[in-house]
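Peer 1: I'd like to ask you about the structure that follows.
FYI, it's all coordinate maths here, none of it is from the lab. Bear in mind the structure is a predicted one, so any value in this text is a computation, not a measurement. All Cβ positions, glycine included, derive from the backbone under ideal geometry; neighbour counts span all protein chains shown.
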Amino acid sequence: MKNVVSTERLPIKMWLSDLEEEALNQAKNLANLPFAFKHIPLMPDSHTGYGMPIGSILATKGVVVPNAVGVDIGCGMCAQKTSLTSISKDELKKVLGTARNLIPLGFNWHETDQDKTLMPLGHDDLEIVSNGYQKARKQIGSLGGGNHFIEIQKGSDGFIWVMIHSGSRNLGYSVAKHYNNIAKDLNAKWHSKVTPDMELAFLPMELDVAKAYISEMNYCVDFALANRKLMMQRMMESLTEIKGDFEKDEIINESHNFAAWENHYNENVLVHRKGATRAFEGELGMIPGSQGTKSYIVRGLGNPESFMSCSHGAGRKMGRKQAQRELDLTFEKKLLDDQDIVHAIRNVKDLDEASSAYKDINIVMNNQKDLAEIVVELQPLAVLKG
C-alpha cells in the first residue's frame with residue numbers, strides 16, 4: 001500500500017501514487033457514503049470512471065449500488081494454456097484470419113442465433129434479461145469494442161496461452177441502465193444525500209427491485225463467462241486448424257465488474273468491484289498489460305485490506321480522445337513492430353488502445369506485491385481488437 005487518505009468518513013487505502021484529482025474526488029464520495037463499510041481500496045491501476053474510479057472496491061451494508069458495478073456487468077478475463085511451445089508469425093496471422101471469421105469484433109454480432117444450450121439458464125424470470133435474450137443469442141461469442149481484446153501469448157513457462165477480455169455486451173448495459181435509472185428516481189424522491197452528480201444511486205436490499213437487480217446482474221455475470229468461453233473455444237478451433245491437435249488446460253476465469261456477498265472483518269457485506277479482480281488466497285487470476293507489454297497469471301494472497309482484490313490490468317493514464325490527439329501513430333506502431341507483435345494499431349483512431357495510453361505495468365505489478373504473486377509472465381505475440 002502506498003498511501004492512506006484519512007480526511008473522510010472512511011479511510012481511502014491506495015496502492016498507487018499517480019491518481020488524478022477527479023478519481024480521488026470520486027473515491028472521497030465513496031468514503032462518505034453512509035452505507036460504505038470499513039474503508040475504500042484503490043488498486044494500482046485506478047483511474048477516473050463513472051461514479052467511482054475504475055480499479056476500486058466498495059463494500060456496503062444493506063444496499064446495492066448499480067453504478068458501482070457499471071454498465072458492462074460481468075466484464076472480465078479468461079486465459080487458457082495450451083501444450084503448444086511455438087508458433088510462427090505467419091501461423092499467427094493465419095490463426096487471426098480464421099478467428100475473425102468465427103468471432104464478431106467491435107459492434108458486430110453473429111448473423112444467426114447461437115445454440116441456446118450455450119446460454120445460461122433462468123432468463124425467463126428476469127424482466128430485462130428476458131427482453132434482451134434473443135439479441136444476446138446473436139451476441140454470445142462476440143468480442144465487443146473498447147479495451148476488449150483477444151491475445152495469443154508466449155508464457156515464461158514455455159507454452160502458448162490465449163487470453164480474452166470481454167463482457168456481457170448489450171445485455172449487461174440494458175440491466176445496468178434500467179436499475180440505475182430506478183435507483184436515481186428513488187433517491188430523488190427520498191431527497192437522498194447521495195446527489196445525482198455523484199452517480200452512486202443506491203437500492204436498499206429490503207426492496208424487491210434491489211433483489212431483482214442482483215438476480216439480473218448475476219445472470220449477466222454468467223452470460224459474460226459463457227461469452228468468453230465460446231470465444232475461447234473458437235480461438236482453440238482456429239489454432240487447431242493451423243497447428244493441428246494439442247492439449248489444453250482448464251480455463252482460468254475472473255470477472256472484474258460485479259457485486260457479491262462476502263464476509264470481511266467478520267461481517268457479511270456486499271462487495272462491489274468495478275475494474276478490480278477478486279484475489280482470495282490461492283485463487284488464480286489474470287492481470288493484463290497493454291498490447292505491447294507483458295500480462296500475468298497471478299495467485300491471490302487474500303489481503304484483507306483490499307477486500308481480497310487486486311488490479312484488473314495496467315489502467316489507463318490517458319483518455320481515449322486524448323490518446324488519439326496526442327500519441328504519435330508511427331512511434332506506437334514501431335513500438336509493437338520492433339517486438340514482432342501482430343497488433344491492431346492501424347490508424348489514429350486505434351491510438352486509444354496504444355501501449356502509451358496505459359500505465360507502466362511493471363509499476364502496477366510492483367505496487368501490488370502484497371495483493372497477488374506472479375505465477376506466469378505472458379509476452380504478447382498477436383492481438384485481436386474490436
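Peer 1: Once you keep just the Cα pairs under 8 angstrom separated by 6 or more residues, what percentage relative contact order results for the range 218-368?
Peer 2: About 17 percent, as a whole number.
Peer 1: Kirkwood hydrodynamic radius, computed over distinct alpha-carbon pairs, for the range 1-110: how many Å, to one decimal?
Peer 2: Kirkwood radius, the range 1-110: 17.1 Å.
Peer 1: Now a separate question. Can you put His191, His47 in order of Cβ neighbours within 10 angstrom, beginning with the fewest?
Peer 2: The fewest-first ordering by Cβ neighbours comes to His191, His47.
Peer 1: Using the 10 angstrom Cβ neighbour count as an exposure proxy, how do Leu126, Leu58, Leu239 rank, fewest first?
Peer 2: Going from sparsest to densest Cβ surroundings: Leu126, Leu239, Leu58.
Peer 1: Taking the 0 to 90 degree range and rounding to the nearest ten, how far is the long axis of helix 169-189 tilted relative to the main principal axis of the chain, both from C-alpha atoms?
Peer 2: Approximately 10 degrees, to the nearest ten.
Peer 1: May I ask for the angle, rounded to the nearest 10°, between helix 127-139 and the longest principal axis of the chain, with both axes built from Cα atoms and the value confined to 0 to 90°?
Peer 2: Roughly 10 degrees, rounded to the nearest 10.
Peer 1: Rank-order 141-150, 63-72, 244-253 by packing density, defined as the average count of other C-beta atoms within 10 Å over each peptide's residues, highest first.
Peer 2: 63-72, 141-150, 244-253
Peer 1: Helix 208-243 sits at what angle to the longest principal axis of the chain, using alpha carbons and giving 0 to 90 degrees rounded to 10?
Peer 2: The angle comes out near 10 degrees.
Peer 1: Another question, if that's okay. Go through the range 312-319 residue by residue and turn each phi into a ³J(HN,Hα) via Karplus (6.51, -1.76, 1.60, θ = phi - 60°); whole Hz please, and just put x for glycine and proline.
Peer 2: 9, x, 7, x, 6, 10, 9, x
Peer 1: Quote to one decimal, in nm, the extra length available between Thr112 and Ser83 on full extension: 0.36 nm per residue of separation minus the C-alpha distance between them.
Peer 2: 7.2 nm
Peer 1: Obtain the nm distance between the two label points defined at Asn347 and Asn3 by a simple spin-label model: each point lies 7 Å from its Cα along the Cα-to-C-beta direction.
Peer 2: 4.0 nm
Peer 1: May I ask which of Lys2/Lys28; Lys321/Lys359; Lys138/Lys243; Lys61/Lys193 have a Cα-Cα span longer than 20 Å here?
Peer 2: Where the Cα-Cα span goes over 20 Å, the pairs concerned are Lys138/Lys243.
Peer 1: Quick one: of the DSSP bridges fully inside the chain, what percent are antiparallel, nearest 5?
Peer 2: If I count the DSSP bridges inside the chain, around 95 percent turn out antiparallel.
Peer 1: Order these by the 10 Å Cβ neighbour count, fewest first: Val269, Val221, Val5, Val348.
Peer 2: Val348, Val5, Val269, Val221
Peer 1: If you don't mind, there's one more thing I want to ask. Once you wrap a convex hull around the alpha carbon atoms of the range 314-386, what is its projected area averaged over all directions, in nm²?
Peer 2: About 5.5 nm², averaged over all directions.
Peer 1: To continue, here is another question. Under a no-solvent Debye model with one identical scatterer per Cα of the range 234-379, what's log10 I(q)/I(0) at q = 0.11, 0.12, 0.20, 0.21 Å⁻¹?
Peer 2: -0.54, -0.64, -1.19, -1.23
Peer 1: Just want to confirm a number: the relative contact order over the chain, from Cα pairs under 8 angstrom separated by 6+ residues, in percent.
Peer 2: Value for the chain: 23 percent.
Peer 1: Taking θ as phi - 60°, what are the ³J(HN,Hα) couplings along the range 90-105 by the Karplus curve (6.51, -1.76, 1.60), each to the nearest whole Hz, with x for Gly and Pro?
Peer 2: So the J values, rounded to whole Hz, are 4, 5, 4, 4, 5, 4, 5, x, 5, 4, 4, 7, 9, 10, x, 10.
Peer 1: With no solvent and one equal point scatterer per Cα, compute the Debye intensity ratio I(q)/I(0) for the range 136-271 at 0.10, 0.20, 0.22 Å⁻¹ and report its log10, rounded to two decimals.
Peer 2: So the normalised log intensities work out to -0.49, -1.21, -1.33.
Peer 1: For all pairs of alpha-carbon atoms in the chain, what percent lies in each bin of width 20 Å, listed from the first bin to the last filled one?
Peer 2: 29, 59, 12, 0
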